[in-house]
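Heads up, the thing below is written out as structure tokens.
The values are calculated or read from the model by the stated rules, or taken from the named source; none is laboratory data. What you see is a predicted model; the values in this text were computed from it and never measured. Methodologically, a virtual Cβ is constructed for each residue, glycine included, from the backbone with ideal geometry; neighbour enumeration extends over all protein chains shown.
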Ligand SMILES: Nc1ncnc2c1ncn2[C@@H]1O[C@H](COP(=O)(O)OP(=O)(O)OP(=O)(O)O)[C@@H](O)[C@H]1O
Ligand SMILES: [Mg+2]
């Protein structure tokens, strides 16, 4: 039994006219401290799976266990969910944004406030506490969102394409920052991405999804040599292009024979 | 590259041109104001317009002084302003509260949807006689008129804005285990402040309409009563005086709402 166990998840969306099966037969295990990536074409259900793990809604069938307890209906534990955009609240200062989770969980005492502000320093954002989100650049905002997510000390971090709205250089820097920070805190994380390179550079394992309906097609374990490196260094390792090619070919074969 | 000194002097020039434009704007505003009242006075004296109907600034002013001296103006004015404020507050608060309830229960909002449309389409002042019979010919029914005229439109506009709040903000809150009340407080309400403020601006005008019509019907006190009384005894000095005072005080209320807007929406 893993830290996070995903058991046979099926999910179908119903609307008045259609029913779309977004996920079929998803089972996987994640160990504590692991970094996992979901890679796959658009519409293959990555966001849906992440939302189900986050407890935002129930799957049509199947269940998810965190430390052998079902996550749905358990209000005690908090998950960190970072969306594609930062979704910092524009009418709150950066400090108020960072403290939001703690406030909602009624843990906004002086100690956690100092910790949260220290976290802001960890992501390289000291001195902007009193500013509003619109005064920050896209990269800074995404870092603030990371600090907000980490502030509640979540057991698991869900990252839904958190770097896709950023320019390439900022994205590379943030990859390193997120990777360092999560390693330092020993966090378990699930990253959703379109970017093969990002999934190789950041994670321990990559799950390749097929679309319509979303299924796990293949799992790639990232070699230990790459895992020990920072994402930026990993991109420059000789093993990296090789793995990139393998996953690339696999993705292409999916497009030619979808559903295989 | 230009030096800092050059940039500073360019900035000064820019600021000077802004000031100059502002002076011209004020000049023309004042010019229109003075021209209007001068022509009004002149035409009235030369009887190009009927002085009995259109009065004249001088006559209105004398009446104003007279009414201020004997204290009747102040008593009528304070009653109307009080009724308008109360109607405005009740209308806005009830409307926003109703919008919150509709947001809370999507089933209720679906059920009530056609009734809101009907109530909104209905000319609210037509309810005046019924209100007066039900609540009595007194201040209560006038305030009710001032409120009822803005409740439904406030509900509709504010509820629409509640629904248009980006659901991703709610997702963020949900992952922190927020209750529905917390979602309302942290995301829905603050995100809708700009809309609420703009309905406040509309409601200022609506409440004046409701209260004046209410005072026409009840015909006891207030600026609306002054208008209807002036009309009945054919004293149009009185009618125009009331109109001008209404214009001034409606503007003041509008400015107060704008002040509130600057206080409340601090992030832009
Ligand atoms: N609320 C919904 N109602 C109906 N269908 C939905 C809903 N959300 C998602 N879907 C459908 O489910 C499928 C998976 O969507 P999902 O957003 O999980 O894909 P994704 O892998 O995250 O795609 P992308 O990479 O573009 O973000 C899509 O076919 C989508 O149309
Ligand atoms: Mg997605």
Discussion item. Restricting to segment A:46-64, name every residue that is part of a loop (DSSP other than H, G, I, E, B) and within 14 Å of chain B (Cβ to nearest Cβ).
Written reply: A:54, A:55, A:56, A:57, A:58
Worksheet, complete the sentence: Expected single match for outside any loop (DSSP other than H, G, I, E, B), in contact with a helix residue (DSSP H, G or I) (Cβ under 6 Å, 6 or more places away or on another chain) and free of Cβ contacts under 8 Å to residues at least 60 places away in the same chain among A:134, A:141, A:113 is A:141
Worksheet entry | Selection from segment A:2-45 of residues that are part of a loop (DSSP other than H, G, I, E, B), within 16 Å of ligand 2 (Cβ to nearest atom) and within 19 Å of residue A:71 (Cβ to Cβ) | A:45
Item to complete: Confirm whether residue A:96 is free of Cβ contacts under 8 Å to residues at least 24 places away in the same chain, touching a helix residue (DSSP H, G or I) at 6+ places or on another chain (Cβ under 9 Å) and over 30 Å from residue A:5 (Cα atoms).
Response: yes
Worksheet item: What about residue A:122, is it within 14 Å of chain B (Cβ to nearest Cβ), surrounded by fewer than 23 Cβ atoms within 10 Å (Cβ to Cβ) and farther than 16 Å from residue A:83 by Cβ?
Response: no
Discussion item. Looking at segment A:153-171, I want the residues that are within 16 Å of residue A:193 (Cβ to Cβ) and within 14 Å of chain B (Cβ to nearest Cβ) and have a partner that is at pLDDT below 90 and away from ligand 2 (no atom under 16 Å from the Cβ) with Cβ atoms under 6 Å, at least 6 apart or on another chain. Which pairs are those?
Written reply: A:157/A:80; A:157/A:187
Fill in: Identity of the residue in segment A:65-106, within 16 Å of ligand 1 (Cβ to nearest atom) and outside any loop (DSSP other than H, G, I, E, B), that ends up farthest from the other protein chains (Cβ to nearest Cβ)
A:82
Worksheet item: Residues in segment A:144-165 that are more than 16 Å from ligand 2 (Cβ to nearest atom) and in a loop (DSSP other than H, G, I, E, B): how many?
Response: 4
Practice prompt. Would you mind stating whether residue A:210 is touching a helix residue (DSSP H, G or I) at 6+ places or on another chain (Cβ under 7 Å) and over 26 Å from residue A:254 (Cα atoms)?
Written response: no
Response to the item:
Just one listed residue, out of B:191, B:178, B:187, is within 30 Å of residue A:158 (Cα to Cα), within 14 Å of chain A (Cβ to nearest Cβ) and within 26 Å of the chain's Cα centre (by Cα), and it is B:191
Worksheet item: Hey, residue A:26 hits all of (1) out of contact with any strand residue (DSSP E or B) (no Cβ under 8 Å at 6 or more places or on another chain); (2) in contact (Cβ under 8 Å) with a residue 60 or more places away in the chain but one; which does it fall short on?
Response: (1)
Item to complete: Go through B:89, B:112, B:107, B:73 for me and flag whichever is in a helix (DSSP H, G or I) and within 22 Å of residue B:200 (Cβ to Cβ).
Response: B:89
Worksheet entry | Residue ID - surrounded by the most Cβ atoms within 10 Å (Cβ to Cβ), chosen from residues in segment A:181-194 that are touching a helix residue (DSSP H, G or I) at 6+ places or on another chain (Cβ under 9 Å) and in a helix (DSSP H, G or I) | A:182
